[in-house]
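Novice: This is the structure I want to talk about, given as structure tokens.
Read the figures in this text as sums done on the coordinates, not as results from a lab. Predicted model only: the values in this text are computed from it and were never measured. Cβ: placed from backbone, ideal geometry, glycine included. Neighbour counts: every protein chain shown.
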Amino acid sequence: MLGGDVVGAGRVSLLGAPGRPAVTGGQVAVRDYETADEASWLRCRVLAFLATSSYDDVWPVKRRTDLELVAAGGDGVVGVLDVSVPGEGAVVETVAVHPDHQRRGVATALLGEAVRRLARCGVRTLEVSVREDEPVLSWLARNGFVETSRSLHVYASEDEVGTVVSARYGLTPVGAFLHARIERETELRQRFERVHVCRGMVRGLV
Ligand SMILES: CC(C)(COP(=O)(O)OP(=O)(O)OC[C@H]1O[C@@H](n2cnc3c(N)ncnc32)[C@H](O)[C@@H]1OP(=O)(O)O)[C@@H](O)C(=O)NCCC(=O)NCCS
């Protein structure tokens, strides 16, 4: 379990750093997410995801998590890191850096601040699930994450979905998103055009 002060203190504020923004260099500083950041946060996320295999994972509203950090400067939010903390194992829900600000240490600065706070709260591990996008795989390896599991994410198109999904109530499936075990990769790649390998990655914090 997390330390008593963390559990008792609620979601964002307990993990918050009292008054000390972590600076990444230039005009960008790491700080806690504020509700006024929402539009800028959503733009940053969607633009970062556009060049990845999660290009269509668009959120119109921010989902709240236990630890919410942003890297922000004059242009608004340029990097985001959201972590949920169900217990001793924390989970990265989102890490994304605006394409115009990538490869300048923004994500590393966000992670560094998160790791400091989580370790202080007694969290022992940090996990993340990612697809086969080289930038994030390289970034995770560089930051000490190792692969612990693999599974498949399968998107069935309108032409493909009829072979695997049927619907009731007069509905016609026009697409589906499905999970599968990694052992089915060869077979599923033959049947479906869009198949992603999803890797579980983890690093220790203590
Ligand atoms: C992964 C991501 C967050 C990294 O952010 P970043 O601020 O550019 O990363 P940093 O500057 O802190 O770290 C740079 C390191 O990350 C890796 N990296 C970042 N972009 C890369 C790229 N385009 N190609 C290869 N490696 C890359 C490299 O190891 C790089 O080190 P190097 O520049 O010395 O080679 C960013 O690429 C991103 O937003 N990707 C899209 C969103 C995403 O896939 N999120 C994960 C799912 S939640």
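Novice: Which one of THR35, THR65, THR94 has the biggest mean-square fluctuation once the chain is modelled by GNM with Cα springs under 10 Å?
Specialist: THR35
Novice: Shifting gears a bit: Do the sum for the chain: with -39,500 (n - 2.57) for every DSSP H run of n ≥ 4, divided by all residues, what is the mean residue ellipticity at 222 nm, to the nearest 500 deg cm²/dmol?
Specialist: Value at 222 nm, helices only: -7500 deg cm²/dmol.
Novice: Kindly provide the pair-distance distribution of the chain built from C-alpha pairs, with 5 Å bins from 0 and whole-percent values in order of increasing distance.
Specialist: All Cα pairs, binned at 5 Å, distribute as 1, 7, 14, 16, 17, 15, 12, 8, 6, 3, 1, 0 percent.
Novice: I want the local charge near THR94. Using Cβ-Cβ distances under 12 Å, sum +1 for each Lys or Arg and -1 for each Asp or Glu among the other residues.
Specialist: 0
Novice: Using θ = phi - 60° and the Karplus form 6.51 cos²θ - 1.76 cosθ + 1.60, what ³J(HN,Hα) does each residue of the range 183-197 get, whole Hz, x for Gly and Pro?
Specialist: 4, 8, 4, 4, 4, 6, 5, 6, 8, 10, 6, 10, 10, 10, 7
Novice: Under a Cβ-Cβ cut-off of 15 Å, what is the net charge of the residues other than ILE182 that fall near it, where Lys and Arg count +1 and Asp and Glu count -1?
Specialist: Net charge around ILE182: +1.
Novice: Non-local amide H neighbours of ARG150 (under 5 Å, H modeled in plane, Pro and chain starts lacking H): which ones?
Specialist: Close amide H contacts, sequence-distant or interchain: GLY200.
Novice: Something else: Would you list GLU113, GLU68, GLU187 from fewest to most Cβ contacts within 10 Å?
Specialist: Neighbour counts put them in this order, fewest first: GLU187, GLU113, GLU68.
Novice: Restricting things to Cα coordinates, could you compute the convex hull volume per residue of the range 70-185 in Å³?
Specialist: Residue-normalised Cα hull volume stands at 180 Å³.
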